[in-house]
Amino acid sequence: MKKILFLIILISNIAFTQGFAQTKRSSIPLQHGTHRLGKRTDAEMQKWRQYGLGQFIHWGVYAIAGGHWNGKYYPGAAEWIRSWKEMPDEDYDNLYKQFNPTAFDAKKWAKQAKYMGAKYMIITTKHHDGFCIWPSKYTDYTIKNTPYQKDLLKEIVDAYDAEGIDVYLYFSIIDWHQKGYRSALPATTEEKAGYEEFKQFTRNQLIELLTNYPTAKGLWFDGTWDKAWIEEAKFTDDLETEMRALRPGLIIGSRFRADENGKRHFDSNGDLMGDYEQGWERDLPNSIADVNGNDWDCVMTIPENQWGYHSDWRGYVKTSYDLIDMLVRSVSMDGNFVLNFGPDGKGNIRPEESKIAQEMGDWMKVNSEAIYGCSYTGLKKQGWGYFTQKDNKIYLTVFNRPINNMLHVEIPKGGIKPVKAYFLSGNKSVDIINAGRNKQNNSLYNIALPADYISGQPFVIVLEIEKSAEDKDIYQQALT
Ligand code: H76
């Protein structure tokens, strides 16, 4: 009887919770809010979740300027140089006539990305300047009219496809080259008509990209913070529907469109718009609470804020260990980590970036089991590093080795118990010391690192677990 009563309470609780969520969600009726509540469960999105590591590439005519013009240093992000007062629009808009990346070798890029361990890549098809690296038939401002002529995008897509790295297309809604483009709501009738043309142009280019590069798995939008774009909730909603119908399985983040109240990323009811949260740019969540159970990616630069090629990086430049830390941290909170590269005007990946790709690849060669297909464990974060998990294996990636060589692990009561621990590299086993329980009745363990073990790198301990029966032996609770 008691059991039945318990069940009834449990069921009504679930119903209540769901009912409550429902009430909350429908509290503001929206025509252009999210298309879906909860996570996608299809194979394409499952694959996206397993990537762990990605590569971003920013490449366009800004790479020719490389953050300098007329002998002056541009302190902003190199791909924004057209907006600098020292750079006349006319000079910039003629740069494409010199674009001839003779050193460009898509296969070399793709091989390097593969070595680094990237499972997907995002390529700038068009940045804010409007220059297209594919021969778009809707504008003359494309690769076709440069001395290079050939379709760069196709070369890149083919090369990465051949390496088994999924390609995503970055597309900027901001287009400084397009006549009808406006960042804010056009005032005059003429401007309004121009913006209507711009909307059609944008739609045409997107359909063109999806049609001509059918192996691309998704779109990565940028520049969608423009007031003019935000006010186009119906147009952008229809366009999203059209693109998804054209390419089932297409992946689009939360940075494409706004709802009718101008809400971006999350609609007016707080529900994620798009397939994953796309707001983590040069920034990582502090804890799992910050991601609200959503899928997300983090896009990161190696210097502070340079995406396109800037020949003179100033300020702090991240090391491969900084970046590996961010990678593991991302995966430990169910996110993907995407590292940006900015090749120069000739198509070379700069030596600093090649070195990082090499070092990350060296590390991944040994430790990628703790990355690919791994997810958040639910265990309390510890100071020595990060937990990730796949099936019955919990990976402990150690960045800050404790002075006492003890890796502290806290396991909630009645769920799982550790059975063995060993180094991912070399399989040498390590002792699991039972360290009693804490006030919350969670089981404490110390994984004892051998004092004579030396590593110049972050390293991984595997902790195998099995299901454990509910613990009846309740430890004396503290009375407070
Ligand atoms: C601001 C901005 C843009 N968003 C980043 C992903 C880079 O493309 C940067 O130029």
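Give a quick list of GluC sites (Glu not before Pro) in segment 301-383 that DSSP marks as loop, anything other than H, G, I, E or B, with at most 14 other Cβ atoms within 10 Å.
Within segment 301-383, the qualifying GluC sites (Glu not before Pro) (loop, at most 14 other Cβ atoms within 10 Å) are Glu304.
Return the sequence-ordered ³J(HN,Hα) values of segment 366-378 in whole Hz as given by the Karplus equation 6.51 cos²θ - 1.76 cosθ + 1.60 applied to θ = phi - 60°, using x for Gly and Pro.
8, 10, 5, 4, 7, 10, 5, x, 8, 9, 4, 9, x
Whole-Hz Karplus ³J(HN,Hα) for segment 84-97, in order, using 6.51 cos²θ - 1.76 cosθ + 1.60 and θ = phi - 60°, x for Gly and Pro?
Once θ is set to phi - 60°, the couplings for segment 84-97 become 7, 5, 7, 10, x, 3, 4, 4, 4, 5, 9, 4, 4, 5 Hz.
What is the Cα radius of gyration of the chain over 2.2 N^0.38 Å, N being its residue count?
After normalising by residue count via 2.2 N^0.38 Å, the value is 1.10.
Does a label point 7 Å from the Cα of Glu352, set along Cα-to-beta-carbon, have any residues of segment 100-121 with amide nitrogen under 13 Å, and which are they?
none
Just going by the charge dipole of the chain, with Lys and Arg at +1 and Asp and Glu at -1 on Cβ, which of Ala233, Asn441, Pro135 is farthest out on the positive end?
Asn441
Pairs Lys192/Lys263; Lys111/Lys428; Lys111/Lys217: which exceed 26 Å Cα-Cα?
Listed pairs above 26 Å: Lys111/Lys428.
Under 5 Å between amide H atoms, partner at least 5 residues away or on a different chain: which partners does Ile122 have, H built in plane at 1.01 Å?
Here the answer is Gln55, Phe56, Ile57, Tyr168, since their amide H atoms fall under 5 Å of that of Ile122.
Starting with the fewest neighbours, write out Val317, Val430, Val409 ranked by other beta-carbon atoms found within 10 Å of each beta-carbon.
The fewest-first ordering by Cβ neighbours comes to Val317, Val430, Val409.
Give the percent of DSSP beta bridges with both residues in the chain that are antiparallel, rounded to the nearest 5.
Here the antiparallel bridges make up roughly 55 percent for the chain.
Return the lysines within reach of Lys72: Cα separation strictly under 18 angstrom, same-chain partners fewer than 8 residues apart disregarded; answer none if there are no such residues.
Lys85
What's the FRET efficiency of Thr102 with Ala187 using the Cβ-Cβ distance as r and R₀ = 45 Å, to the nearest 0.05?
0.50
Counting only DSSP beta bridges with both residues in segment 353-463, tell me the antiparallel percent, nearest 5.
Close to 100 percent.
With a point put 7 Å past each Cα toward its Cβ, work out how far Lys47 is from Glu197 in nm, to one decimal.
4.0 nm
Which of the residue pairs Lys39/Lys119; Lys47/Lys107; Lys97/Lys119 have a Cα-Cα distance greater than 31 Å in the structure shown?
Lys97/Lys119
Among residues other than Trp280 whose Cβ falls under 13 Å from its Cβ, what is the net charge (Lys/Arg +1, Asp/Glu -1)?
Spelling it out: positives minus negatives among the neighbours equals -4.
Starting with the fewest neighbours, write out His58, His127 ranked by other beta-carbon atoms found within 10 Å of each beta-carbon.
The fewest-first ordering by Cβ neighbours comes to His58, His127.
Below 23 Å, Cα to Cα, which lysines can Lys467 reach? Residues fewer than 8 away in the same chain don't count.
Within the straight-line limit of under 23 Å, Lys467 reaches these lysines: Lys380, Lys381, Lys390, Lys393, Lys413, Lys417, Lys420, Lys439.
Which of the trypsin sites (Lys or Arg not before Pro) across segment 167-274 are loop residues per DSSP, with 14 or fewer other Cβ within 10 Å?
Listed in order of number, the matching sites are Lys179.
Between segment 359-422 and segment 174-193, how many Å separate their Cα centres?
52 Å
For a quick check: sort Met121, Met360 by the number of other beta carbons within 10 angstrom, fewest at the front.
Lowest to highest Cβ neighbour count: Met360, Met121.
Starting from the Cα of Asn405, step 7 Å toward the Cβ, then list every residue of segment 437-471 with an amide N under 14 Å from that point.
447-455, by backbone N distance to the label point.
Work out, step by step, the length gained on full extension between Lys150 and Glu260: first 0.36 nm times the residue separation, then minus their alpha carbon distance; give nm to one decimal.
Difference between extended and current length: 35.5 nm.
Bear in mind that the values in this text are calculations on the coordinates, not laboratory data. Source: prediction; values computed, not measured. Here the Cβ is made from the backbone with ideal geometry for all residues, glycine too, and neighbour counts use every protein chain on show.
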